Amino acid sequence: MKSDKYMRGVTVPRYGGPDVLQVVDVPRSQPGPGEVLVRVAWGAVNAADWRLMRADPWMVRLAFGLRRPRFAALGIAMSGTVVESNADGFSPGDGVAGDLSASGCGAFAEYVCVGAPVLARVPDGVELDIAATLPLAGTTALQAIRDQGHLRDGQNLMVIGASVAVGSAAVELGRNMGANVWAVTGTAGRPLVERLGGTHVVDRQVTDVTTDAAVPPGSFDLIIDTGSYRSIFDYKPLLAPEGIYVHVGGSMKRLAQTAICGGLRSRGGGPRWKTFTATADAGDLEKLLAMADANRISPPIGARIPLSDAAEALGMAEEHRVPGRVLIDME
Ligand SMILES: NC(=O)c1ccc[n+]([C@@H]2O[C@H](COP(=O)([O-])OP(=O)(O)OC[C@H]3O[C@@H](n4cnc5c(N)ncnc54)[C@H](OP(=O)(O)O)[C@@H]3O)[C@@H](O)[C@H]2O)c1
């Protein structure tokens with residue numbers, strides 16, 4: 001069945017755990033006007049992929065399909081090489097990376113057709129595996145720190161959930177912006193986070209960051225929370241008088257707490273609590289790729305899994321079995 005009309009890709013025949021995933025031949029589309037055909041090299045697993053796979057939260061079904069997702073293949077973050085281009089600015093042989101969340105997914109497949117505005121050119125000095133880690137996770141961290149948190153040089157930043165996708169990027173970006181970074185992680189993630197350059201690393205399995213005497217209360221200008229595993233207001237004693245807590249991810253209950261209760265408590269002066277939805281911005285992705293090219297960031301890769309074992313890759317990422325990013329190798 002293999003021809004240039006087909007490619008191998010990870011499909012989701014019904015919502016569920018990693019065992020529902022199938023790696024099968026799926027139709028390979030041709031690039032239309034303004035589109036680029038990319039030979040995918042690496043797909044990076046993000047929480048959004050397993051949330052989509054499981055339809056968690058349920059509202060995923062309203063956007064992607066009630067009984068099963070409508071897209072041809074799973075996957076949001078990818079890097080690869082242009083093989084055919086109908087768009088200005090991209091030529092065969094160019095290395096590219098992109099966030100496909102707003103353009104029908106399909107990162108976990110051998111090829112993908114995407115509109116040029118989604119793509120950023122990968123500089124020659126950046127390996128494609130590193131490039132794949134930056135869409136979604138990197139851009140979310142950048143937008144959380146820069147646009148929501150307004151972090152400035154010399155300020156105190158706390159990153160909760162520092163060893164994986166959004167969190168590890170936030171640690172590296174905070175360090176680059178000149179912040180004093182306090183990175184909260186589990187015992188398994190600690191060595192990796194220390195390598196990222198967190199100024200202080202707190203092991204959440206050894207100590208409670210909200211009461212630990214070594215963590216200065218009332219001093220954090222920005223807290224980035226990637227999981228919201230406890231009430232957002234537990235962190236109030238840590239926030240500086242004008243500090244900002246940015247809730248990136250977690251359960252719907254916690255998101256509602258931040259949006260409603262956090263919003264109400266943020267009225268007037270004092271600390272603020274926010275949540276936000278990141279946008280797939282190729283300009284931000286270019287900025288991150290330039291930082292990687294200048295060796296200012298070096299996203300941690302925890303595992304490289306072949307496409308045929310995509311279910312293992314999704315399970316590994318969902319259960320946080322390895323610190324660092326889980327990549328799917330399409331080659
Ligand atoms: N708002 C947006 O636009 C946006 C964009 C992208 C992602 N998200 C959401 O942001 C969240 C993070 O995404 P992600 O891709 O970085 O993946 P993730 O793998 O879910 O990261 C969450 C991290 O939380 C930490 N953690 C796990 N158990 C914990 C516990 N019991 N207590 C405290 N921390 C714990 C872990 O890091 P350590 O082991 O290092 O502690 C874990 O890696 C997800 O919920 C995702 O859906 C939101």
- [ ] Sticking with the crude label model, points 7 Å out along Cα→Cβ, report the distance from Arg67 to His150 in nm, one decimal please.
- [x] 5.0
Task: Added length on full extension, which subtracts the Cα-Cα distance from 0.36 nm per residue, Asn86 to Asn176 - done: 28.7 nm
- [ ] As a check on your grasp of the helix formula, calculate [θ] at 222 nm for the chain: sum -39500 (n - 2.57) over DSSP H runs of n ≥ 4, divide by the residue count, round to the nearest 500.
- [x] -5000 deg cm²/dmol
- [ ] Please list the non-local residues whose amide H lies under 5 Å from the amide H of Val202, H modeled 1.01 Å from N, same-chain partners needing a gap of 5 or more.
- [x] Ala183, Val184, Thr185
TODO: Rank-order 256-268, 134-146 by packing density, defined as the average count of other C-beta atoms within 10 Å over each peptide's residues, highest first.
DONE: 134-146, 256-268
Task: Per-residue HN-Hα couplings for segment 152-160 [Karplus 6.51, -1.76, 1.60; θ = phi - 60°; Hz; x = Gly/Pro] - done: 10, 3, x, 7, 9, 10, 10, 10, 9
Open item on the list: In whole Hz and in residue order, list the ³J(HN,Hα) couplings for segment 226-242 that follow from phi through the Karplus curve 6.51 cos²θ - 1.76 cosθ + 1.60, θ = phi - 60°; x for Gly and Pro.
Closed with: 8, x, 6, 7, 8, 4, 4, 6, 4, 8, 4, x, 8, 6, 5, x, 10
Open item on the list: So the label point goes 7 Å from the Cα of Tyr229 along Cα→C-beta, right? Which residues of segment 278-320 then have their backbone N under 15 Å from it?
Closed with: 318-320
TODO: Please order Tyr6, Tyr235 by the number of other Cβ within 10 Å, starting at the fewest.
DONE: Tyr6, Tyr235
- [ ] With r as the distance between the Cβ atoms of Ala294 and Glu242 and R0 = 35 Å, compute the FRET efficiency 1/(1 + (r/R0)^6) and round to 0.05.
- [x] 0.65
Open item on the list: Using a 7 Å offset from the Cα along the Cα-to-Cβ direction at both Ser308 and Asp208, what is the distance between the two label points in nm, to one decimal?
Closed with: 5.0
TODO: Would you pull out the residues with amide H under 5 Å of Arg304's amide H, same chain only if 5 or more places away, H placed 1.01 Å from N?
DONE: Leu327
Task: Estimated inter-spin distance, Lys5 and Thr187, nm [label 7 Å along Cα→Cβ] - done: 5.6
- [ ] Output the Kirkwood hydrodynamic radius of the chain, Cα pairs only, in Å rounded to one decimal.
- [x] 20.2
Task: Hz values of 3J(HN,Hα) by residue in segment 14-24 - Karplus curve (6.51, -1.76, 1.60), Gly and Pro given as x - done: 7, 5, x, x, x, 5, 7, 5, 10, 9, 9
TODO: Can you figure out the FRET efficiency of Met59 with Ala259, using R₀ = 22 Å and their beta-carbon distance, to the nearest 0.05?
DONE: 0.95
Task: Theoretical gain in end-to-end length, Asp25 to Arg267 [0.36 nm per residue, Cα-Cα removed] - done: 81.8 nm
TODO: Search the structure for amide H atoms under 5 Å from the amide H of Ser266, placed 1.01 Å from N in the peptide plane, and list their residues when 5 or more places away or on another chain.
DONE: Trp273
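Taken together, the values in this text are just the output of simple stated rules run on the coordinates, not laboratory data. Being a predicted model, the structure only gives us computed values, none of them experimental. Here Cβ is always computed from backbone atoms with ideal geometry, including for glycine, and neighbour counts include all displayed protein chains.
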